[in-house]
Amino acid sequence: MHKKAMTARALAFACVMGLSFAGGAHAQSYPARPVNLIVPFPAGGTTDVLARALGQELSKSLGQPVVVENKPGAGSTLGADYVAKAAPDGYTLLMGAVHHTIATSVYKSLHYDFQKDFAPVTTVALVPNVLVVNPKLDAKDVQSLLKLAQAAPGKLTYGSNGMGTGQHLIGAQFERAGHVQLLHVPYKGSGPLTTDLLGGQIDMSFDTITPVLPHIQSGKLRALAVTTNQRSAALPDVPTMEEAGLKPFNMGTWFGVLAPAAAPKEVVDRLNAEMVKIIKSPDFTRRMAEIGAVPIGDTPAEMKARIAADTENYAKLVKEAKVAIN
């Protein structure tokens, strides 16, 4: 073989090996400093609770602090936008949720593309939503609530985590399925929403089980139905919407971790491996059961497929419900 050809092949081989070594070295040295996990809602809601539960364990497995930082606003899109524009080095992550797949269709001026600007890491958990009312409202079940709403169109109020969030869309679906008109009151997160619901400033909500479960158990809030097509183990005596007479109705909320799109694959894979190990552990599974969450722990490819499917499905619901924000 010609000497120049041999030299060229040797250089090419060295280059490939060098890149492989660099990638492996990057994964092995990661993380060299604290990792920020951005929660796009205020403290106290399900997104925040899951982020802190995961972050606590992830700090141990990574050997570096995982700092949970709340950046609420605009129906979870401000926090997402912040992460989309962060350095793609694995040190800034997003605790995303189904809300972001809905926002894609609801918000007409987003400065990021949820499918293109993020690298999915893993889905942490699925949490059913539940229709709860203030006990002062004379509604013992879904049908009696519908009668109250039909008698006073636009008078009964429901709160959500913000315009274009899962709770907002579930409320809109409830209106369509029940042929009623409610007044939507958006909040920045479950914390202030639950406070006003307990105080009677609003009549009901379709929030995830986690923030309202203690108040249901204490009798301060009344649960009428879960929004998934199967009952929740945390609320076994509460019927589904379909059992209560509203069909079809199957809507829940998933939560998962994402990195900026250009994050190194080695880092994403390392994060996935560590997180899945935590999510599937007996201790984490027990903690999730206590707050009404079902742990998932899937692959980046599976989470990517989940996001794509939900984005398409919710786009249809958003169009049907005529939910839009400029």
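The values are calculated or read from the model by the stated rules, or taken from the named source; none is laboratory data. Given the structure is predicted, the values throughout are model-derived calculations rather than measurements. Quick reminder, even Gly has a Cβ in these numbers, built from the backbone with ideal geometry, and neighbours come from all protein chains shown. Surface areas here come from the heavy atoms of the whole protein model, side chains and all, with no ligands, DNA or RNA. Shrake-Rupley method; radii C 1.70, N 1.55, O 1.52, S 1.80 Å.
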On the given criteria, is residue 268 open to solvent by 70 Å² or more (accessible area, probe 1.4 Å) and either basic (Lys, Arg) or touching a Pro at 6+ places or on another chain (Cβ under 9 Å) (or both)? no
Scan region 242-250 and tell me whether some residue there is assigned to a helix (DSSP H, G or I), over 19 Å from residue 49 (Cβ atoms) and at pLDDT 95 or above. no
If you scan region 267-292, which residues turn out to be closer than 21 Å to residue 232 by Cβ, part of a loop (DSSP other than H, G, I, E, B) and either at pLDDT below 95 or of a type in the set (Ser, Thr, Tyr) (or both)? 291, 292
With the structure loaded, tell me whether residue 301 is in a helix (DSSP H, G or I), of a type in the set (A, V, I, L, M, F, W, C) and open to solvent by 60 Å² or more (accessible area, probe 1.4 Å) or whether it fails that test. yes
Hey, residue 292 hits all of (1) within 16 Å of the chain's Cα centre (by Cα); (2) within 24 Å of residue 117 (Cβ to Cβ); (3) of a type outside the set (A, V, I, L, M); (4) open to solvent by less than 20 Å² (accessible area, probe 1.4 Å) but one; which does it fall short on? (2)
Inside region 50-71, can you point out the residues that are open to solvent by 50 Å² or more (accessible area, probe 1.4 Å) and in contact (Cβ under 8 Å) with a residue 40 or more places away in the chain? 57
May I ask you to list the residues in region 73-84 that are modelled with pLDDT of 95 or more, open to solvent by 30 Å² or more (accessible area, probe 1.4 Å) and not aromatic (Phe, Trp, Tyr)? 78, 81
Among 202, 209, which is touching a Gly at 6+ places or on another chain (Cβ under 6 Å) and more than 29 Å from residue 37 (Cβ to Cβ)? 202
Going through (1) of a type in the set (A, V, I, L, M, F, W, C); (2) out of contact with any Phe, Trp or Tyr (no Cβ under 7 Å at 6 or more places or on another chain); (3) crowded, with 16+ Cβ neighbours inside 10 Å; (4) more than 21 Å from residue 173 (Cβ to Cβ) one by one, residue 262 fails only at (3)
